[in-house]
Amino acid sequence: TMLLYFGSILFAVRFGRNGEKKDLLWLTFFASQAVLHQRAMVFMALGLFVLISSQLKNLLRLWYYVLGIVIAGSLIYLYLPIRDLQGAEWTFDQPGTWRGFWSLVLDTKTDRIISYPRSVDQWLERVRGVVSVLENELPLAVITVGLVGNLMGTLRQSKREAIGFFLLWFPFLVLSFVIWVGWIGDALLAVNLPVIAMSVFGLGLLTSIILDKSPVVGSLVTTVWILLGMMLFVQGRPEIVSITKDTSAEIIISQAEEFHGDGKGDPKTTLMALWGNDYWSLAYAQKFEDRLAELNLVDHNADLGSIMNSNGRLITPAQTFYLRPLSWWDQQFGQVYLSSESNNLVEINTSPPVDRSSVRPNYNFSLGNGVTIRRADLKWESANKLRLTVYWESQEKIDSDFSIAVHLVSNKEPDSSDDIIAQSDRSHPVAGWYPTSRWFPGEIVKDEYSIDIPAGSNPEAIRLGMYRQDVDGSFQNTEWLSILVDDRVDGFD
């Protein structure tokens with residue numbers, strides 16, 4: 001992005017000064033590719049126009065060259081259907097169809113990333129976010145000095161160029177206040193690049209002014225910038241190295257491997273992961289590491305409705321619901337029902353995933369809040385980890401949202417909180433995403449929990465129940481079911 005950005009500026013300045021045809025052609029190439037590469041770069045158009053405004057006659061005379069380069073440069077998008085026709089594994093959406101192709105080419109994402117601040121608090125939140133992004137690159141004082149230097153340096157040439165250079169970064173700063181998705185996303189990071197770039201450029205212009213007036217002072221200033229660069233390198237290196245050695249991909253792969261299926265490679269079980277790190281990690285593991293063979297892997301652009309309506313199983317990592325909450329699924333497919341496939345995988349369906357006849361009761365323990373523990377199974381997952389599988393059954397419509405309490409205790413009937421060895425509580429059942437107020441009478445909800453056994457502890461039981469917090473802040477607990485922990489289960493001590 002910065003290469004194309006600076007290339008556009010360079011040839012805009014040259015064409016604005018001399019009006020030569022070759023500079024206009026290079027300007028058109030760099031600017032068009034910048035916009036095709038990242039749509040936000042269209043906001044440098046006003047600044048570029050001011051820089052070349054003295055050559056409007058030559059621009060109009062050569063308009064057909066400009067149009068030709070823009071059209072020819074746009075052909076780069078043909079790589080999308082070509083990759084799809086070649087059978088590429090990781091094409092985004094459906095670029096092999098006309099609908100998919102044009103949706104990718106014309107999608108600006110504005111409906112998903114633009115949000116105007118509507119209150120003072122929102123403005124302050126945006127200011128803090130933008131300042132945080134900028135300061136992550138350079139100290140704010142240095143950025144300010146650089147932008148002032150940019151203005152001073154360009155004013156030495158002409159007011160037109162000074163205005164043009166100002167308009168090459170200021171619109172991006174304004175834009176950063178309306179690009180907001182609730183957190184600092186990559187779109188916000190991208191639109192701040194021109195601000196940083198023009199600030200650094202301004203530092204160079206300011207230093208050149210100082211060198212002209214006093215070579216000694218200018219040399220000192222140059223030394224300061226070199227030392228600052230070295231300091232930022234030392235400070236930033238650990239973060240960069242941590243990114244290059246990031247092992248977080250293995251986490252979601254291991255979570256997906258918690259799916260065991262029926263051992264027959266049932267093709268109806270589809271794992272949906274959000275396009276991005278989640279999907280790429282899983283796709284790599286499946287394609288090149290011979291893992292996750294029992295799963296049909298798709299990203300969120302797949303026809304999820306068809307998968308659910310064809311009696312196929314659709315599961316997704318629990319973290320998907322941070323970006324695709326229940327409200328999104330309801331809006332897309334009508335009311336959906338959730339069930340735990342494992343501790344970290346959730347099954348989604350347009351009808352209740354758990355068939356009553358398939359769950360033979362072993363407890364039928366009433367919690368006293370309209371929910372019964374129909375069945376609970378506790379087994380050793382490893383020598384220091386337990387897996388609890390619970391089948392909740394709703395006996396009536398539940399108006400309240402209950403949280404889940406899973407306590408590993410040293411006594412079957414704990415005398416105090418000192419008897420609690422470890423906890424695996426959740427705000428809602430099913431990885432925290434399926435509130436009890438959504439359950440209909442008679443619905444059975446499968447829920448799974450993983451409990452780590454602290455070294456040196458001597459657990460006697462798992463205590464399982466629900467609770468809610470009332471308006472006055474007090475907690476109301478349901479009845480508790482205690483499940484004894486066997487000393488030896490499945491070969492583990």
### Message
Going residue by residue through the range 206-221, is there one that turns out to be closer than 30 Å to residue 170 by Cβ, open to solvent by 80 Å² or more (accessible area, probe 1.4 Å) and under 24 Å from the mean Cα position of the chain (by Cα)?
### Response
no
### Leading residue by the ranking (surrounded by the most Cβ atoms within 10 Å (Cβ to Cβ)) among those in the range 151-168 that are in contact (Cβ under 8 Å) with a residue 60 or more places away in the chain and part of a loop (DSSP other than H, G, I, E, B)
168
### Query
Regarding residue 106, is this residue without any contact (Cβ under 8 Å) to a residue 40 or more places away in the chain, open to solvent by 90 Å² or more (accessible area, probe 1.4 Å) and more than 28 Å from residue 27 (Cα to Cα)?
no
### Message
Which count do you get for residues in the range 330-362 that are closer than 18 Å to residue 279 by Cβ and either part of a helix (DSSP H, G or I) or among the hydrophobic types (A, V, I, L, M, F, W, C) (or both)?
### Response
3
### Query
If you take the residues of the range 365-379 that are touching a strand residue (DSSP E or B) at 6+ places or on another chain (Cβ under 6 Å) and open to solvent by 30 Å² or more (accessible area, probe 1.4 Å), which of them is farthest from residue 404 (Cα to Cα)?
379
### Message
Being surrounded by fewer than 20 Cβ atoms within 10 Å (Cβ to Cβ) and of a type outside the set (A, V, I, L, M) is the filter here; which residues of the range 320-342 pass it?
### Response
322, 324, 325, 327, 328, 330, 331, 332, 333, 334, 335
### Message
Name the residue that is least open to solvent (accessible area, probe 1.4 Å), counting only residues in the range 75-103 that are in contact with a Pro (Cβ under 6 Å, 6 or more places away or on another chain) and in a loop (DSSP other than H, G, I, E, B).
### Response
95
#### Entry: Odd one out for residue 200 among (1) open to solvent by 40 Å² or more (accessible area, probe 1.4 Å); (2) assigned to a helix (DSSP H, G or I); (3) farther than 23 Å from residue 135 by Cβ
(3)
### Query
In the range 403-411, is there at least one residue being farther than 23 Å from residue 470 by Cβ, at pLDDT below 90 and either among the aromatic types (Phe, Trp, Tyr) or not in a strand (DSSP E or B) (or both)?
yes
#### Entry: Subset of the range 459-481 (residues that are in contact with a strand residue (DSSP E or B) (Cβ under 8 Å, 6 or more places away or on another chain) and not in a strand (DSSP E or B))
459, 460, 470, 478, 479, 480
### Query
Just wondering, is there one or more residues in the range 460-468 that are loosely packed, with under 12 Cβ neighbours inside 10 Å and among the hydrophobic types (A, V, I, L, M, F, W, C)?
no
### Query
When the residues of the range 2-50 are filtered to those that are open to solvent by 80 Å² or more (accessible area, probe 1.4 Å) and among the basic types (Lys, Arg), which remaining residue is nearest to residue 198 (Cα to Cα)?
14
#### Entry: Residue selected from the range 380-398 under the condition charged (D, E, K, R) and within 29 Å of residue 441 (Cα to Cα), by the criterion least open to solvent (accessible area, probe 1.4 Å)
393
### Task
Please tell me if residue 174 is buried (at least 19 other Cβ atoms within 10 Å of the Cβ), of a type outside the set (D, E, K, R) and within 16 Å of residue 47 (Cα to Cα).
no
#### Entry: Checking residue 458 against (1) more than 19 Å from residue 375 (Cβ to Cβ); (2) at pLDDT 95 or above, the condition it does not meet
(2)
### Query
What is the number of the single condition among (1) free of Cβ contacts under 8 Å to residues at least 40 places away in the same chain; (2) under 28 Å from residue 470 (Cβ atoms); (3) part of a loop (DSSP other than H, G, I, E, B) that residue 372 does not meet?
(3)
### Residues being of a type outside the set (Asp, Glu) and within 16 Å of residue 478 (Cα to Cα) - total across the range 391-412
11
### Query
Would a scan of the range 421-436 turn up a residue that is surrounded by 15 or more Cβ atoms within 10 Å (Cβ to Cβ), touching a residue at least 60 places away in the same chain (Cβ under 8 Å) and among the polar types (S, T, N, Q)?
yes
### Message
Given the condition surrounded by fewer than 17 Cβ atoms within 10 Å (Cβ to Cβ), farther than 30 Å from residue 244 by Cβ and aromatic (Phe, Trp, Tyr), answer yes or no: does some residue in the range 283-294 qualify?
### Response
no
### Query
Of all the residues that make up the range 109-146, how many are assigned to a loop (DSSP other than H, G, I, E, B) and surrounded by 12 or more Cβ atoms within 10 Å (Cβ to Cβ)?
7
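Per-residue answers, yes or no, for (1) of a type in the set (Lys, Arg); (2) at pLDDT below 90; (3) open to solvent by less than 60 Å² (accessible area, probe 1.4 Å):
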{"residue": "254", "(1), (2), (3)": "no, no, yes"}
{"residue": "259", "(1), (2), (3)": "no, yes, yes"}
{"residue": "274", "(1), (2), (3)": "no, no, yes"}
{"residue": "277", "(1), (2), (3)": "no, yes, no"}
{"residue": "281", "(1), (2), (3)": "no, no, yes"}
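The values are calculated or read from the model by the stated rules, or taken from the named source; none is laboratory data. Only a predicted model underlies this, so the values are computations on that prediction, with no experimental measurement involved. Note: ideal-geometry Cβ built from the backbone for every residue, glycine included; neighbour counts use all protein chains shown. Note: accessible area is taken over every heavy atom of the protein model, side chains too, but ligands, DNA and RNA are not part of it. Shrake-Rupley method; radii C 1.70, N 1.55, O 1.52, S 1.80 Å.
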